[in-house]
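Reviewing the structure listed below.
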Amino acid sequence: MALINILAKTTKSINWDEFLKNYWSLNVSTVEVFPIPKELGFDYDSVGISVHAGYADRSVVISEIEHLVTFFRSEPYNLKFIELYDGVEVLPENVIILINKLLPP
């Protein structure tokens, strides 16, 4: 069961090869990240982010989401992250508060 679902959207096309290369360099292992290409019938390329109930360390989840948001909000991606449970935009300055609220103690 997913505890956290985030949709990251952009109005540009994403170079998926470059995205994968940059994603791997972030060494994210707890948070699931998956492409949502516009070829699936969407208006734009997007990225899904999910945290499942079986995570081992709360601080690792928060750190990984923080890294993803900070990195992929910048050029060339300019992704806008929306937490799907509350519909709140995820920003580097509110990651800790949002994610802490969604993870069970």
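Structure notes:
- Residue in segment 55-66 that is under 11 Å from the mean Cα position of the chain (by Cα) and open to solvent by 70 Å² or more (accessible area, probe 1.4 Å) present: no
- Hey, L3 in contact with a strand residue (DSSP E or B) (Cβ under 6 Å, 6 or more places away or on another chain), open to solvent by 50 Å² or more (accessible area, probe 1.4 Å) and at negative phi or not: no
- Meets criteria (under 12 Å from the mean Cα position of the chain (by Cα), in a helix (DSSP H, G or I) and either under 14 Å from I99 (Cα atoms) or not small (G, A, S) (or both)) for V47: no
- If the condition is being part of a loop (DSSP other than H, G, I, E, B) and aliphatic (A, V, I, L, M), then segment 80-105 contributes L84, L91, L103.
- Exactly one residue out of N100, N27 is on the phi > 0 side of the Ramachandran plot, modelled with pLDDT under 95 and among the polar types (S, T, N, Q), and it is N27.
The values are calculated or read from the model by the stated rules, or taken from the named source; none is laboratory data. None of these values were measured; they are calculated from a predicted model. Using ideal geometry, Cβ is built from the backbone for each residue, glycine included, and neighbour counts are taken over all protein chains shown. With ligands, DNA and RNA removed, areas are computed over all heavy atoms of the protein, side chains included. Shrake-Rupley method; radii C 1.70, N 1.55, O 1.52, S 1.80 Å.
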